Amino acid sequence: MTCEDTVAVGSQREKPTIAQSSHYGPDALSGIIWTAALPYLAASPIVITPWIQNTVLPAISSVDNATLALAIRQEFTNSLFNHPEKVPTEDTTNLFEAGKKGVPLLLINGDADRLIKGEETHAIIKGKWKDLTVYTAKNGSHVFFYEEKEEYVGRVFKV
């Protein structure tokens with residue numbers, strides 16, 4: 001999958017591939033960027049830090065200590081940043097202003113998504129967006145874009 005109107009910053013490559021592509025042959029890609037990468041799951045015991053392996057993973061999967069399991073989630077989230085206190089909270093003011101001015105939004109969801117309620121997302125966003133198109137994929141999961149690539153890409157290009 002490519003992003004038709006995207007330029008990869010730094011390399012100035014237009015229309016970069018942005019999807020998981022391990023099922024393609026070795027000549028399918030012109031370049032790869034891994035940032036803080038876990039290159040593939042089998043490598044995780046080698047590349048993850050001892051703190052993750054010995055502290056985070058056991059705590060986050062604890063079924064005996066709910067307090068520990070919840071606390072480690074916050075500690076893990078904070079560990080993603082050098083200065084978590086400097087990370088601003090989300091401010092949707094400019095996003096919704098863009099929506100009111102007519103920046104188009106294509107909302108794609110699946111009616112079988114077990115994580116996000118698409119109809120509720122539509123309900124809370126519809127009054128904030130002037131140019132809103134909604135597509136609900138029949139039997140679409142949370143990763144509908146992955147499982148039904150042709151339908152997803154077809155819907156994106158239809159807009």
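Once the C-beta distance of S141 and H83 is scaled by a Förster radius of 35 Å, the resulting FRET efficiency is 0.45 to the nearest 0.05. Largest first, the extents of the alpha carbon coordinates of the range 28-120 on the three principal axes equal 50, 43, 36 Å.
Projecting label points 7 angstrom from Cα along Cα→Cβ for K130 and L107 puts them 1.8 nm apart. Taking the range 93-158 as the region of interest, the number of lysine pairs whose Cα atoms are within less than 19 Å, with members eight or more places apart or on different chains, is 13. Pairwise inverse Cα distances across the range 41-86, averaged and inverted, put the Kirkwood hydrodynamic radius at 11.6 Å.
For the range 61-112, what Kirkwood radius comes out of the mean inverse Cα-Cα distance, in Å? 15.1 Å is the Kirkwood radius here.
Label sites at V63 and F157, each approximated as a point 7 angstrom past Cα along Cα to Cβ, lie 4.7 nm apart.
We did not get these values from a lab; they are worked out from the coordinates using the rules stated. Everything quoted here is computed from the prediction, not taken from an experiment. Note: ideal-geometry Cβ built from the backbone for every residue, glycine included; neighbour counts use all protein chains shown.
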